[in-house]
Amino acid sequence: MASATLFSRATNIKATPALVSTQSGLRNRPTFRISLKPAGRVQLTTHSQRKPRALRSVQVASSADSSTSSGSGTDPLKAVYVPKDLKEDVKVRLVGHFKSDWLDAANVKSFASILFMFFASISPAISFGALLSVATGNAIGAVEVIVATAVSGVIYAMFSGQPLTIIGSTGPVVTYTAILYGLAAQMGIPFLTFYAWVGLWSAAILFVCAVTGASNSIKYITRFTDEIFSGLIAVIFIYESIKFLVVQNLMNPLVTPGTALLSALLGVLTYTVAKATADFKTSKWGGKTLRAVVGDFGPLIAVATGSCFAFFVFPHIALQKLALPATLATTTGRPWITSLAASPQVIFGSLIPATIGVILLFLDQNITVRIVNNPDYGLKKPVGYHLDMLVLSLLIAVQSLLGLPWMVASTAPSIIHLRSLQTLQKNSTTGAEEIVDVKEQRVTALASNALIGCSILLIPLLKNIPIAVLSGLFLHLGIQTAKGNQFIERIGLLLVDPAQRTLYMPKYLAQVEERVWIKFTLIQMASFWVLWTVKESKQFGIAFPLVILAFVPLRYAFKEWFEKKDLERIDPFEMA
């Protein structure tokens, strides 16, 4: 932090404070606020003196987009009252960068990302759709998930504050929906009616959070919670993939040996090809253009390889394929609009589970978006947490009325999406990969979700994709999500021979005593175990969002267990 106070001999000089900023400097350079006060007192304050990056409302748009927001100089938002934080998000992120958000997608990398994210998003959509179908008695199934993913994803990409975030069904939300189904069955009330009222209450509360700037509270959450939550998502992806390949095939006596072995082989083959193409992107082989194309289209190559191998080499072995609807209709044939007819007890009683659900949706959304906004990923455009929450609240209200699954920021696809848009190069000195550019735009998320909506037109082709192939891609996504998670990296470090740990020690641990970071990691591991146990519990599963929330005060108790200098290195307040 730095500030300077300058005095001149001039008197009675007045000026309106102004913020000087550029697009390239929004995240990486200090900016200054200059105030000329009476009696010649000039106050110069650096950018770092103001509130943390996570909550900052950037004051001006970049010069590249100034033409979009200037116009006649009038503020279109003045016609109606809009809360300050939300207004800044709309002016600076949505309007201020509207032009570049579309033009920056005019490149091969973005096109490759669209195809990649189609498969990366449709795989969990179908998988979670299958889980929801079982958990809700077919009230919500793959059809509903595909429709919600496509429509909500397109709208979110167009109007959100962070369009690189991918929204979709997530493991925690699927778990919570299953819990709501159980509660409705116990109370003897129609599930979809109960679900609709819980969703409407949740949407209303999230709307209030958006207009009151409640997302500012995300500053109290540190890497400790972020890493546990991100680790949970990665484990869910890996767990569901292995569960299908091993438990539901290799260990299932009802599955023929040929089908079981081929399913496992396809999963391993798809994962291997996806990983190999990703590694090839930063290798020394081939030209730069070839490496970029192979790396960007890697997941598509992996899915095509696995599917063709099964279709041409083993056409006589029956495999479980994608189950997609022939027409656009609900899973059970029910009307799309959910009936809201219910007793006052059900209507107002739904507020109780809605309050708990809001905690999950609020944390799931904000933690994922903040992970995407992490300064380590090299993004330059401003953030828009309040705008994100506003769009999310409106989408959840509509989804609840239609009996569709709630869409929220999905950690694994969001991180994969972000990485698919990065240009990397290896540092010639350290050998480490460095981010040199990120294509920040709205087109890739919009187009990939539009393709998911159009997938019904590709049914003849998609129906030939074995579930085992998508499970291999699922495994790849989970492992990719785990990369860069310092919590998981420290667990791996615990498995290394103590005599050789210094060879693999990351920089941020170089000045931290071994016993300190081991103690910190063990606390995280215990916290993760509690979260997973509660999530899987039939009796207490509904309370697992409260467990995530409890990590916040737990982290603040660390000041009694760790020295400040150690926490600043292991768990700093630095997330964007």
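The values are calculated or read from the model by the stated rules, or taken from the named source; none is laboratory data. This structure is a prediction, so every number in the text was calculated from the model and none was measured. Cβ atoms come from the backbone with ideal geometry, glycine included; neighbour counts cover every protein chain shown. Just so you know, the surface numbers come from the protein's heavy atoms only, side chains and all, with ligands and any DNA or RNA stripped out. Shrake-Rupley method; radii C 1.70, N 1.55, O 1.52, S 1.80 Å.
Could you list, in sequence order, the residues of the range 438-451 that are under 19 Å from the mean Cα position of the chain (by Cα) and open to solvent by 20 Å² or more (accessible area, probe 1.4 Å)?
Passing the criteria: Lys439, Val443, Leu446, Ala447, Ala450.
For a quick check of your reading of the model, give me the residue pairs whose first member lies in the range 517-540 and is in contact (Cβ under 8 Å) with a residue 24 or more places away in the chain and basic (Lys, Arg), whose second is open to solvent by 20 Å² or more (accessible area, probe 1.4 Å) and in a helix (DSSP H, G or I), with beta-carbon atoms closer than 9 Å and at least 6 apart or on different chains.
Pairs that qualify, where the first residue is in contact (Cβ under 8 Å) with a residue 24 or more places away in the chain and basic (Lys, Arg) and the partner is open to solvent by 20 Å² or more (accessible area, probe 1.4 Å) and in a helix (DSSP H, G or I), are Lys535/Thr175; Lys535/Val547; Lys538/Ile179; Lys538/Gly182.
Picking from Leu206, Leu232, which residue would you name as being open to solvent by less than 40 Å² (accessible area, probe 1.4 Å) and at pLDDT 90 or above?
Leu206
The conditions are (1) modelled with pLDDT of 85 or more; (2) assigned to a loop (DSSP other than H, G, I, E, B); (3) among the aliphatic types (A, V, I, L, M), and Leu324 fails exactly one of them. Which is it?
Unmet condition: (1).
Being free of Cβ contacts under 8 Å to residues at least 60 places away in the same chain and touching an Asp or Glu at 6+ places or on another chain (Cβ under 9 Å) is the filter here; which residues of the range 345-375 pass it?
The one that is free of Cβ contacts under 8 Å to residues at least 60 places away in the same chain and touching an Asp or Glu at 6+ places or on another chain (Cβ under 9 Å): Gln365.
Mind checking whether some residue in the range 452-468 is open to solvent by 10 Å² or more (accessible area, probe 1.4 Å) and modelled with pLDDT of 90 or more?
No, the range 452-468 contains no residue that is open to solvent by 10 Å² or more (accessible area, probe 1.4 Å) and modelled with pLDDT of 90 or more.
For the range 286-308, what are the residues that are out of contact with any helix residue (DSSP H, G or I) (no Cβ under 7 Å at 6 or more places or on another chain) and over 23 Å from Lys439 (Cα atoms)?
Residues satisfying the conditions are Gly286, Ala304, Cys308.
Checking Arg334 against (1) at pLDDT below 90; (2) under 26 Å from the mean Cα position of the chain (by Cα), which test does it fail?
Among (1) at pLDDT below 90; (2) under 26 Å from the mean Cα position of the chain (by Cα), the lone unmet condition for Arg334 is (2).
Scan the range 185-200 for residues that are surrounded by fewer than 21 Cβ atoms within 10 Å (Cβ to Cβ) and either within 30 Å of Gly231 (Cβ to Cβ) or of a type in the set (Gly, Ala, Ser) (or both) and jot them down.
Listed by number, the residues that qualify are Ala185, Gly188.
Could you tell me which numbered condition Pro253 fails, if it satisfies all but one of (1) assigned to a helix (DSSP H, G or I); (2) open to solvent by 50 Å² or more (accessible area, probe 1.4 Å)?
(1)
Please go through (1) open to solvent by less than 10 Å² (accessible area, probe 1.4 Å); (2) touching a His at 6+ places or on another chain (Cβ under 9 Å); (3) among the β-branched types (Val, Ile, Thr) for Val211 and return the number of the only condition it doesn't satisfy.
The single condition Val211 does not satisfy is (1).
What number of residues within the range 280-320 satisfy the criterion of being free of Cβ contacts under 8 Å to residues at least 24 places away in the same chain, open to solvent by 70 Å² or more (accessible area, probe 1.4 Å) and not in a loop (DSSP other than H, G, I, E, B)?
The qualifying residues number 5.
With among the charged types (D, E, K, R), under 20 Å from Ala234 (Cα atoms) and in contact with a helix residue (DSSP H, G or I) (Cβ under 8 Å, 6 or more places away or on another chain) as the only criterion, which of Arg501, Arg490 stands out?
On inspection, the qualifying residue turns out to be Arg490.
Name the residue, out of Lys535, Lys559, that is surrounded by fewer than 13 Cβ atoms within 10 Å (Cβ to Cβ) and among the basic types (Lys, Arg).
Lys559
Could you list, in sequence order, the residues of the range 533-554 that are at pLDDT 85 or above and more than 14 Å from Leu360 (Cα to Cα)?
Thr533, Pro553, Leu554
Kindly indicate the residue of the range 487-532 that is in a loop (DSSP other than H, G, I, E, B) and open to solvent by less than 90 Å² (accessible area, probe 1.4 Å) and also farthest from Ser230 (Cα to Cα) among those meeting that condition.
Across the range 487-532, the extreme among qualifying residues is Asp497.
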